[in-house]
Each structure stands twice: as structure tokens, then as C-alpha cells.
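Report on one structure; see the data block that follows.
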Amino acid sequence: MLTTDKLSCNVLTDLLCAHGIRQAVISPGSRNAPLTVALSRREDMQTYVVIDERSAAFIALGMSLQSGKPVALVCTSGTALLNYAPAIAEAYYRCVPLIVVSADRPEEWIDQDDSQTIWQQNALAPYVKRSCDIGAHLEFDNGQWVCNRMINDLILEAMNGRRGPVHINIRLDAPLNGIKDINLDNNRVIKMLKSEIELPTNEARELGKFLASPKKVLIIVGFHEPDERLNRALIKIAKLPNVAVMTETIANLHSPLFISRIDATLCRLSPDEREAMAPDLVITLGGALVSRHIKDWLRGLSKLEHWHVGISHTTIDCFKHLSLRVEMPPAIFMRQIASALQIYNSPSDYASRWMSVLKKAELIHNAYISGCPWSDMKAFGIIIPKIPKKYNVHLSNGTPIRYAQLMDCSHIHRSECNRGVSGIDGCTSTALGASVNYNGTTLLITGDMSCQYDIAALSSTLLSPKFKIIVICNAGGGIFRFISSTSSLPELEKYFAVGTRLPLKELATGYGFSYFEAESERELSKSLQDFFNCQDSPAILAVKTPPETSAEVLKRYFEPC
């Protein structure tokens, strides 16, 4: 096969394919030309070209989130690599296995006033599991062996244990356009045998005995990929009278037995009820929690035990009460605990009391949504129930994820939000990347400020009719009008809720989107139907809401009834 003459690029491509990696997102450049040639000429590798490296990295993140498989990410030398940082940080905290490949200059030319030369080899060090630097000169006796070993090692690192991004920095010297005929698939492939070990039966039974009634147990699940095994285990354990299960919108776990609207439920507890409902033990699963209310409440309790379950990179003590770190896949641990607890099914009213609070909260919520004026809250109250069941929904950070937390999202196929780092950058690109690997429709619900921040994604060649965007146009920075740290500052309008110049209609026309608009409850109900029925092109729906009213409506939602 005719391909690049750069040994390191061919070793990399061989090993990516051998380890089952089938997608690569490439940003154009000169120094990475040999990498581009090596990847693009492999029939078993799908390549996608995205010019903006920041957007490219979030697109790769979305692809990997949706498929559950690693995605390679390739850029040229210089500051191109630094543009990956926001998405790589998000991938690190969400355990997403991205294989970052950066082309670089030979080391002897760094700091010699040669163009596009910076120190790249540890540029992403805090946010990758491991990195390696492959030299430009591999002609020595063990050159291919060293290159092969390092790349095998990093691919295995990304895919095993607590999964996450890795960085392979490949130095390439001129000429960059050399081509030769090579034999493919002649590189050694190092594999790893994994075993998901269960707890010894007697140990699981001891833990079950410890959790049994009259102990009050609260299980809380943060962001998580859909997991039917874990869902079944939690349904089984939620049937116990002394256990309550709380799930966030992006936990992707659903049952009528779960409290899936945490903030909406907690805010209906009186001070006396909060004291009475305080758990003896909390078990957390999944990633970082969106709910500030649950974190503040549990941190303020004087007596509490906390177990955290999952493959972690560090000791996670979010509530300041951690007593046990369980380094196991949650589905395995919870299935064992659910079985062990069945023999200790003693009377308790803890779960039923939580269900009573949830039903009360739902009635208050429905009445509030029905009676509130046109606002962000009213818009979300109309949008969320009408989302078709097979849609995957991505929510931007800021107010969209917080409003979704208050709604019943149990009918949604899959919900996602970049909550690893919780930044607004890259939300559109992440959703777009996920849409590439999902056969159904992907819907992004975003704010105008988040949309403005990631506007490069709208120009992508990856767009298709199965990608839709709802933009909440509330004059930008709606979250700042709500949170206490900024809402009362005189600088609010100038420095925080600053508004945006976002000509959505013109952008939609320019980039080939169908465009819809709504400025009232009646218009939204009509536009939503047309928006969801649009099949010929990607679509944008601009929902225009009054910013000050929206902030007040959201604040009043949490006031005591």
C-alpha cells in the first residue's frame, strides 16, 4: 500500500486499527500531513475533518460518548494542541477515552525561533492519564520496538481501568510528503485481559447487614451512561423500605421508584422534615452532581456516612463525610448489595416518606408551570414533555441543565451534558459529534451565550438532518441573573449577563439550517411541531424569553409554599 514513509505514523495507524479504533477527527495542517495520509488511506478508519481544533476535540468527545469507544484526535504542531485543552479536561473528568495525537517538530528545533515550535510533550499533562513523546529519528536498532511499545501502552491506558484521554506526541522531520509502499498490519499488538471481580459473598452479606433497616439509606446517582444492569439493580434495591434512590436527569437511569427531580423535591421539605429525612448513610455513583441543593444539605449534616462507588482516579469526598471508597463498577457492586439486602427486609417508612414528598413536589411543580408567565421556565415546561422518545438530548451548561433537572425527563432516550468540568464551551460540538454515531435524532438545548461560544460547530461538514438545536434566547447569561453570587451585583448587566450579538436567523440561512422562532407559549407549541417534523435539513428553533422575568420565575420556584 502506498502511504507515508514516516515509520511512527504507520505504527500508530496500524495499532489504532488493531485495537479496534475506527474513527479519527483530523484538523488540517502541514506538520501532521504524514499522520493525515496514514489515517486517510486506511479503509478500516473513518476520518472526519474539522478545521477548528477546539471544536474538533469536543466533536471527538461527543463521538466517543455516544459510541462508548475511543476516538483518535489529530492536530498539527504549535498552539493547535493547546486548543484541545477544554475538551480534554472534560474527557478526563468524564472518563472518555480520547487518543490525542499531536504532530511536533524535532526536539533540536524547539526554542530556536523556528515556526510553530513550542514544548508540546506535556502540554495536556494535568488532564490526560498518560503521555509519551516519540522522537523524529527512529533509525536506531530498537527504534520501531520503542515506538510500538509506547503506542500500545497508551492505547491500553486509555481503554482500561478508569478510562480517559491520553496524549501521543509524534515528532516529524522534513520532508513531510514522502510516500512509499509498505506492508500493513505487521506491528505487534499488545492486548490486556480484564476481569470484573465481585466481592466475596460473605463480605457482600456483611455490607448488606450494615445497610439494613432501621438504617436510612440514600443512593444518589450523578451523570452516567445508560446501564441496564445498574438500572435493574437499583430498581431491586429501591423496593426496600429503608432505601431511597435519587437520580439526576443525566444519570440515564429510570424507574417510578426513583426520585428523578432532586431539586424540585428537596425544596419542598420544611426544616423539620429535612432533619427527619436526613439519611444515616449516602451511597454515590456516577460523576459530579448538578444539584447544589443536595450537596449543601448533606454537607451540613453533622452525622453521616458516605460511600462512593466507581473506578476513580482519586478519593472523592464531595460531602465531607466519606468513610468507604468502593473501587468497583457500580453495576456489579449494586447488584451484589441488592441481593444481600433482601434477607434483611425489615419494616421502615423511609422510602415511602420520600415518595410522599415527591408526589407533593410534582403537584406543586405542575401548578407552578401552569400558572407562571412566559419565561424560560414556561418554555422548558412546554419543550421537555414534547421531546420524542427516541431523541438523544444534549443540554448546555448554565440554565438549560438546571431547568431539565426540574422536569420529568424519564421518557427521553438519553440525556447528556458536559458536567465533567461544567464549561459552556463546546456544548454544540459535543452534541454534533454524538449525532454522528447515533442513528436517531440528537437534540441540543442550549442558551444563546453557549451557542455563541461554540459557533464554529455550525459550519461543520458533519451536520445532517438528524441534528437539531433549540436556543433559549434570554439575552445571555441567564444563570447569572439567578445565582446569588452575581444576581445582586450592580455589575450584573455589564460584566455577567452581558447579552449576545447572535443573528440566529441569518446564521441558519448561511449554514443551511431550517429556522423556526417562538416568542410566546402559543407560538412555541406551534413551532415545536414544525421543528420536530423537519426532516430535510438540520434545524434551529430560537425561543425568545424575557430575561428578568425568567430569573424571577426561577427564584420564586424555590420559595416555600
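None of the figures in this text is laboratory data; all of them are computed from the coordinates on show. This is a predicted model, so every value here is computed, not measured. For neighbour counting, all protein chains shown are included, and Cβ atoms are generated from backbone atoms with ideal geometry for every residue, glycine included.
Near Ala288, the amide H atoms lying under 5 Å from its own belong to Phe223; only residues 5 or more places off or on other chains count, and H is placed 1.01 Å from N.
Backbone geometry of the stretch 334-350 corresponds, through the Karplus equation with coefficients 6.51, -1.76 and 1.60 at θ = phi - 60°, to 3J(HN,Hα) couplings of 5, 5, 5, 5, 4, 5, 5, 6, 4, 6, 10, 7, 9, x, 6, 10, 5 Hz, x marking Gly and Pro. Distance from the C-alpha centroid of the stretch 152-168 to that of the stretch 428-444: 24 Å, rounded to the whole angstrom. Between the amide H of Glu305 and those of Leu281, Val282, distances stay under 5 Å, these residues lying 5 or more places away or on another chain, with hydrogens modeled in the peptide plane. Here is the list for the stretch 335-422: trypsin sites (Lys or Arg not before Pro) lying in DSSP coil, each with at most 15 other C-beta atoms within 10 angstrom of its C-beta, are Lys389, Lys390.
In order along the stretch 252-266, phi translates into HN-Hα couplings of 6, 10, 9, 5, x, 7, 9, 8, 9, 10, 5, 5, 4, 7, 4 Hz, rounded to whole numbers, per the Karplus curve 6.51 cos²θ - 1.76 cosθ + 1.60 with θ = phi - 60° and x for Gly and Pro. Spatially, the stretch 304-322 and the stretch 42-115 are offset by 31 Å when compared through their Cα centroids. Counting only residues at least eight positions apart within a chain, or on another chain, the aspartates and glutamates with an alpha carbon under 18 Å from that of Lys191 are Asp14, Asp153, Glu157.
Residues in the stretch 479-488 carry Karplus couplings, in order, of 4, 6, 7, 9, 6, 5, 5, 10, 4, 9 Hz; the curve used is 6.51 cos²θ - 1.76 cosθ + 1.60 with θ = phi - 60°, and Gly or Pro positions show x. Relative contact order (percent) for the chain, with alpha-carbon contacts under 8 angstrom and 6 or more residues of separation? Taking the mean separation of contacting Cα pairs over the length of the chain, I get 13 percent. The Cα trace of the chain gives Rg and Dmax of 25.3, 77 Å, the first to one decimal, the second as a whole number.
Average projection, convex hull of the Cα set of the stretch 201-357: 8.3 square nanometres. Summary value for the stretch 66-223: 25 percent relative contact order, contacts being C-alpha pairs under 8 angstrom separated by 6+ residues. Determine the distance separating the Cα centre of the stretch 239-298 from the Cα centre of the stretch 347-382; give it in Å without decimals. Here the two parts' Cα centres lie 14 Å apart.
In this structure, the amide hydrogen of Glu248, modeled 1.01 Å from its nitrogen in the peptide plane, lies closer than 5 angstrom to those of Val221, counting only residues at least 5 positions away or on a different chain.
Mind scanning Lys378/Lys505; Lys239/Lys303; Lys216/Lys303; Lys468/Lys505 and naming the pairs with a C-alpha gap bigger than 21 Å? In this structure, Lys378/Lys505; Lys239/Lys303 lie more than 21 Å apart at Cα.
Sparsely packed loop sites in the stretch 474-561 (the GluC sites (Glu not before Pro) outside DSSP H, G, I, E and B with at most 16 other Cβ atoms within 10 Å) comprise Glu491, Glu519. If you model the stretch 412-497 as an ellipsoid using its alpha carbon gyration tensor, with each semi-axis the square root of five times an eigenvalue, the axes come out at 28, 13, 11 Å, biggest first.
The alpha carbon convex hull volume per residue for the stretch 372-557 rounds to 109 Å³. When the trypsin sites (Lys or Arg not before Pro) in the stretch 177-267 are filtered for DSSP coil states and for at most 10 other beta-carbon atoms within 10 Å of their beta-carbon, the remaining sites are Lys191, Lys194. Only Cα pairs under 8 Å and 6+ residues apart enter the sum, and on that basis the relative contact order of the stretch 1-141 stands at 22 percent.
The alpha-carbon of Lys494 sits under 23 angstrom from the alpha-carbons of these lysines, leaving out residues fewer than 8 places away in its chain: Lys544, Lys555. Of all beta bridges that DSSP places with both ends in the chain, some 5 percent have antiparallel geometry.
Taking each DSSP H run with n ≥ 4 as -39500 (n - 2.57) and averaging over every residue of the chain yields -11000 deg cm²/dmol at 222 nm.
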